[in-house]
Structures are given as C-alpha cells and as structure tokens.
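Enquirer: Quick one: structure below, then a few questions.
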C-alpha cells in the first residue's frame, strides 16, 4: 500500500486499488480484492451485494493516476500540489457484475496527451473476463494555494 500512497492522494475508505502489478511506458495494471466488509455493500444491495459500477470506474481512474504519477515523475506535474482530476468519461460499458470475494485486475493504457490532459482507456477483468471497459481523461491540476 505504501507504493500506492506515494503515487496518489487517495486513501481509505476511498481507495479502490490494493496492489500495483506493473507499470510500463504506456500502461499500468493494478488489482483490487473486493472485500465483503466494504461499507457500501450494506446498501448496495442488502442480501445481494454488488460492487457499484461508479466505484469500478473509480478503480480504473485511480490506476490511471498511479500510471501518470510514474509516467510524469521527471516533470513538474508530480509534486504534492498536483492532483489527478477526472475531466471526461466516454463509453463506459459494464459487462459482468463484481461481488464480494472477487479479485479484479485493472488495466489502463495511455492515449493522447494534450497539455495537462491525458486520454486513457481502461478495463477491469474478473476471472480473465471483461467486467468493464471505459475511455476517460485525467487532468493534472495544480493547487496553487498549496504554495
């Protein structure tokens, strides 16, 4: 977890990756074990807990932020005053339900870069089958008040 904490500002209970598998020049892979004690399962849904799709998307976005932190480590966009912020979501497709006890693999790939905006695609796999695909963009935003 320390490896994740060094790269992104997200913390429990709003951290949806628990292991970085690999980071390459244009992509990254992480994983998340879907724990039955996640508090949102109390209401989504009692007696039939299903991981909310928006939180699966968030796991992809966080993996993208981990990738960008590593990808941009030699640029000025990675100090503590810079936060990865979601700027666009396109074409999210949910193909399989994710339930407590599942382990999912999260993959992201870098697309086009325009200034501080990074287009990416992401995918979540459960049991080697696609559970989610999504295209999105992250912006690296500096908090100038942090200076």
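Every number in this text was worked out from the coordinates using simple rules, so none of it is lab data. Predicted model only: the values in this text are computed from it and were never measured. Backbone-built Cβ (ideal geometry, glycine too); neighbour counts: all protein chains shown.
Enquirer: Say R0 is 41 Å: what FRET efficiency, to the nearest 0.05, do residue 33 and residue 144 get from their beta-carbon distance?
Expert: Approximately 0.65, to the nearest 0.05.
Enquirer: Okay, next question. Between helix 53-71 and the chain, what is the angle of the helix's C-alpha long axis to the longest principal axis, kept within 0 to 90° and rounded to the nearest 10?
Expert: 30
Enquirer: Hey, another quick one. Could you grab the relative contact order for the stretch 2-146? Cα pairs under 8 Å, six or more apart, rounded to a whole percent.
Expert: 27
Enquirer: Next question, about the same structure. If I histogram all Cα-Cα distances within the chain using bins 10 Å wide from 0, what percent of pairs lands in each bin?
Expert: Using 10 Å bins, I get a P(r) of 12, 42, 33, 11, 1 for the chain.
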